[in-house]
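Please read the structure below before turning to the comments.
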Ligand SMILES: Nc1ncnc2c1ncn2[C@@H]1O[C@H](COP(=O)(O)OP(=O)(O)OP(=O)(O)O)[C@@H](O)[C@H]1O
Ligand SMILES: [Mg+2]
């Protein structure tokens, strides 16, 4: 302050001195004008610098204040230092804020920040897809007006946020189940977190179905067995009756045994998710064995055709491959009525995939069932399949075996005409001989 006063006094002294010197040669009026003109210089400078300050873009990065002399120079330097510090602080805050936003955006969980009146203040892209909202369009809108799911609206209006809720039919195609919970934070703000639990719910439902199915499948033959045992205990039976009952009991026991065996096979296949070992599997010998088994099972009721369209061998687990092939053949025989034709073939596709195919002229399967056919315990006609001794696990096992052998199970069927089940092996699973050529 003292410095600025000194400078002002210096300008005053200069103005008075030059005014006095001028009065020695010219009139008093001219001397007064000279003094005033000199005093106007610092005022003009001050006005000029103030204007510069006013027009200076303080937040424009890379720009610095113009250089100036004297007291203004000092003031400019101070202002410039403050501006630079503020710019650095803003940059740090900006990058911290961006990191937070990027973190929230990277989260697979939905995050929505709401004010006390449930207006959307911010949300990430996962929340946008879960709730079908658009932040740029819907910002500051009340979320319960946008997401019309009654459970969700009810949860928000009740304000009982201690527990999460599970909401179904969310997402753009109503295909998601999400868990939602709201937490209070800051100054009357709400943080809404949403997690996609669709797969979890499906697994849980599958587990429940599985337990229910296994219990049901085992209870039925057990009830029959107990019934026979009670009858045998309470009634005196003739030798013929006893033998008939024992034969029926044997059928039910075998049914339970095959169910337990199939379950164990499935469990082993599921635990062992890795690709199957690469043992050489001779399809010529296998087809001969399959034909003998098929003829025994069909007992002359069907026309059976076995075709070896290639001599290419397979790499895989012999036991598993045999189980998959005989499963498909036994289905064809069991579900095709007497007089039908069953064609089993091993060939190469034009893309040199190995194709094991079983075609029958049986009842065929309605297209609605095809996607579910490989689910455990899924039967098209439960009673018919059960009558033929089916547990509904066969195709689930075949699918698992195919997956372990880099292969796909392909099913085509026409109701009333018949079905074709193919296992299509990737070329790397094949051992082609010089004579192997694609099937026609
Ligand atoms: N060739 C076929 N023709 C018509 N329907 C079939 C054929 N193969 C399978 N299906 C239908 O698909 C269902 C599922 O077959 P899958 O082999 O998984 O079970 P299953 O034959 O009932 O019992 P399992 O094979 O465990 O003894 C069967 O119940 C049957 O309804
Ligand atoms: Mg079967």
* Which residue, of 154, 174, is surrounded by fewer than 16 Cβ atoms within 10 Å (Cβ to Cβ) and modelled with pLDDT of 90 or more? -> 154
* Structure fact -> Only one of 398, 355, 344 is at pLDDT 95 or above, within 9 Å of ligand 1 (Cβ to nearest atom) and within 25 Å of residue 429 (Cβ to Cβ), namely 398
* Structure fact -> Among (1) more than 30 Å from residue 53 (Cβ to Cβ); (2) in a helix (DSSP H, G or I), residue 120 falls short only on (2)
* Filter the range 280-329 for residues that are surrounded by fewer than 20 Cβ atoms within 10 Å (Cβ to Cβ), over 20 Å from residue 424 (Cα atoms) and within 16 Å of ligand 2 (Cβ to nearest atom) and give the result. => 293, 297
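Residue-by-condition table, conditions (1) assigned by TED's automatic domain parsing to the domain that holds residue 126; (2) surrounded by fewer than 16 Cβ atoms within 10 Å (Cβ to Cβ):
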{"site": "169", "(1), (2)": "yes, yes"}
{"site": "181", "(1), (2)": "yes, yes"}
{"site": "190", "(1), (2)": "yes, no"}
{"site": "209", "(1), (2)": "no, yes"}
{"site": "212", "(1), (2)": "no, yes"}
{"site": "226", "(1), (2)": "no, yes"}
{"site": "234", "(1), (2)": "no, yes"}
{"site": "244", "(1), (2)": "no, yes"}
* Is it the case that the range 73-81 has a residue that's touching a helix residue (DSSP H, G or I) at 6+ places or on another chain (Cβ under 7 Å) and farther than 20 Å from residue 184 by Cα? -> no
* Quick check: anything in the range 330-338 within 16 Å of ligand 2 (Cβ to nearest atom), assigned to a loop (DSSP other than H, G, I, E, B) and in contact with a strand residue (DSSP E or B) (Cβ under 9 Å, 6 or more places away or on another chain)? -> yes
* **Flag if residue 276 is buried (at least 19 other Cβ atoms within 10 Å of the Cβ), assigned to a loop (DSSP other than H, G, I, E, B) and within 37 Å of the chain's Cα centre (by Cα)** => yes
* Asked: Going through the range 195-222 one residue at a time, which ones are within 30 Å of residue 123 (Cβ to Cβ) and in contact with a helix residue (DSSP H, G or I) (Cβ under 8 Å, 6 or more places away or on another chain)?
  -> 196
* To do: Report, by residue number, each residue of the range 312-324 that is within 13 Å of ligand 1 (Cβ to nearest atom) and either under 14 Å from residue 355 (Cα atoms) or outside the structural domain of residue 404 (by TED's automatic domain parsing) (or both).
  => 324
* May I ask you to say which residue of 392, 418, 362 is in contact with a helix residue (DSSP H, G or I) (Cβ under 7 Å, 6 or more places away or on another chain) and buried (at least 21 other Cβ atoms within 10 Å of the Cβ)? => 362
* Restricting attention to strands (runs of 3 or more DSSP E) lying wholly within the range 140-241, give those where 1 or more residues are in contact (Cβ under 8 Å) with a residue 60 or more places away in the chain. => 176-185, 189-196
* Across the range 258-267, what is the number of residues that are surrounded by 12 or more Cβ atoms within 10 Å (Cβ to Cβ) and free of Cβ contacts under 8 Å to residues at least 60 places away in the same chain? -> 2
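The values are calculated or read from the model by the stated rules, or taken from the named source; none is laboratory data. This one's a predicted model, so the numbers in the text were calculated from it and none came from an experiment. Quick reminder, even Gly has a Cβ in these numbers, built from the backbone with ideal geometry, and neighbours come from all protein chains shown.
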